[in-house]
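Read through the structure below, which is laid out as structure tokens, and then see the notes.
The values are calculated or read from the model by the stated rules, or taken from the named source; none is laboratory data. All values derive from a computational prediction rather than experimental measurement. Using ideal geometry, Cβ is built from the backbone for each residue, glycine included, and neighbour counts are taken over all protein chains shown. For the accessible areas, the whole protein counts, side chains as well, though only heavy atoms, and no ligand, DNA or RNA atoms are used. Shrake-Rupley method; radii C 1.70, N 1.55, O 1.52, S 1.80 Å.
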Amino acid sequence: MKLLVFIPAYNEELNIVKTVQNLQKHCPEYDYVVINDGSTDGTEQVLKENGFNYISLPFNLGLDGVFQTGNLYAYTHGYDLCVPFDGDGQHNAEYLPLLVKKIEEGYDIAIGSRFLTKKKHRSLRMAGSSLISFCFRLVTRVRFTDPTSGMRMVTRKIMKHIAYDQNSGAEPDSWAYFVLNGAKLAEIQVEMNEREQGTSYFTLPRSIFFMLRMCISILFIQFFRKGGDF
């Protein structure tokens, strides 16, 4: 299967070289594209200087916008699979073949989970993650241990829907929608790195708001969306 790895990058001038080199070292057989999401630092210059394959968005679209851009790029360029790969170095490329293998077993969505075989540590953020997992399983009857994981590989039919449906973003409610409409989702256990440079978008207030919004969407809003064919 032909896989595209797309790398979202917003102000990642300190991380992006190491991230791309990690991908090229462990998975040289996979194509990649860096999506420069309207960075205001030297990210684009670093990409140019290193000869990396990239596209630059005219302004910052955020998580969902970049996710849809990556899926659209993969779909229009004829890829069978695509997966985001964090530009801050948190993802490990050696897990990508395992996600591909899971897709080859017949799944439509394969997700790298930090908690499939390991317990979540105690924190308010992890409590929110557990609540989303509970809501997801309540609605779909499918176990989903790491709903905020960024390693989400999809097949071409899911890719197309994400690319052309503005309501299908990178967040857990989209995966609930897909599963409710017949998509098969599986997880594999992965390890993720700590961010070395920069700061995360998810502050505590944003995390709380995100968790509440996802639970409401999974429990109620998904039932009012037009169904697809997965």
Single residue of the stretch 79-106 satisfying the filter (farther than 20 Å from PRO28 by Cβ and not acidic (Asp, Glu)) that is farthest from the chain's Cα centre (by Cα): GLY106
Among GLY128, GLY42, which is out of contact with any Asp or Glu (no Cβ under 8 Å at 6 or more places or on another chain) and either at pLDDT 95 or above or farther than 20 Å from TYR10 by Cα (or both)? GLY128
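Among the residues of the stretch 187-197, write down those that are surrounded by 17 or more Cβ atoms within 10 Å (Cβ to Cβ) and either over 16 Å from the mean Cα position of the chain (by Cα) or part of a strand (DSSP E or B) (or both). I'd like the intermediate steps shown before the answer.
We begin by selecting, within the stretch 187-197, every residue surrounded by 17 or more Cβ atoms within 10 Å (Cβ to Cβ); these are 187-188, 190, 192.
Answer for the stretch 187-197, where residues must be surrounded by 17 or more Cβ atoms within 10 Å (Cβ to Cβ) and either over 16 Å from the mean Cα position of the chain (by Cα) or part of a strand (DSSP E or B) (or both): GLU187, ILE188.
Please go through the stretch 117-145 and give me each residue that is touching a Ser or Thr at 6+ places or on another chain (Cβ under 7 Å) and either in a helix (DSSP H, G or I) or within 21 Å of PHE220 (Cβ to Cβ) (or both), ordered by number. Lay out the reasoning, then the answer.
First pass over the stretch 117-145, keeping only residues touching a Ser or Thr at 6+ places or on another chain (Cβ under 7 Å): 120, 125, 128-129, 133, 144-145.
Scanning the stretch 117-145 gives ARG125, GLY128, SER129, SER133, PHE144.
Got a sec? Which of SER123, SER129 is buried (at least 22 other Cβ atoms within 10 Å of the Cβ) and over 15 Å from TYR73 (Cα atoms)?
The unique qualifying residue is SER129.
I'm checking my understanding of the structure. Among residues of the stretch 166-186 that are out of contact with any His (no Cβ under 8 Å at 6 or more places or on another chain) and among the small types (Gly, Ala, Ser), which one is surrounded by the most Cβ atoms within 10 Å (Cβ to Cβ)?
Initially, the stretch 166-186 is screened for residues out of contact with any His (no Cβ under 8 Å at 6 or more places or on another chain), giving 166-167, 169-177, 179-186.
Next, only the ones that are among the small types (Gly, Ala, Ser) stay: 169-170, 174, 176, 182-183, 186.
Details: GLY169: 17, ALA170: 21, SER174: 24, ALA176: 27, GLY182: 11, ALA183: 22, ALA186: 20.
Looking at residues that are out of contact with any His (no Cβ under 8 Å at 6 or more places or on another chain) and among the small types (Gly, Ala, Ser), I get ALA176.
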Among the numbered criteria (1) among the hydrophobic types (A, V, I, L, M, F, W, C); (2) open to solvent by less than 20 Å² (accessible area, probe 1.4 Å); (3) at pLDDT below 95, which one does MET153 miss? (3)
If I go through the stretch 34-68 residue by residue, how many of them are in contact with a helix residue (DSSP H, G or I) (Cβ under 6 Å, 6 or more places away or on another chain) and either among the charged types (D, E, K, R) or without any contact (Cβ under 8 Å) to a residue 12 or more places away in the chain (or both)? 1
Scope the stretch 121-145; condition within 18 Å of LEU180 (Cα to Cα) and without any contact (Cβ under 8 Å) to a residue 60 or more places away in the chain; matching residues: SER133, PHE134, ARG137, THR140, ARG141, VAL142, ARG143, PHE144, THR145
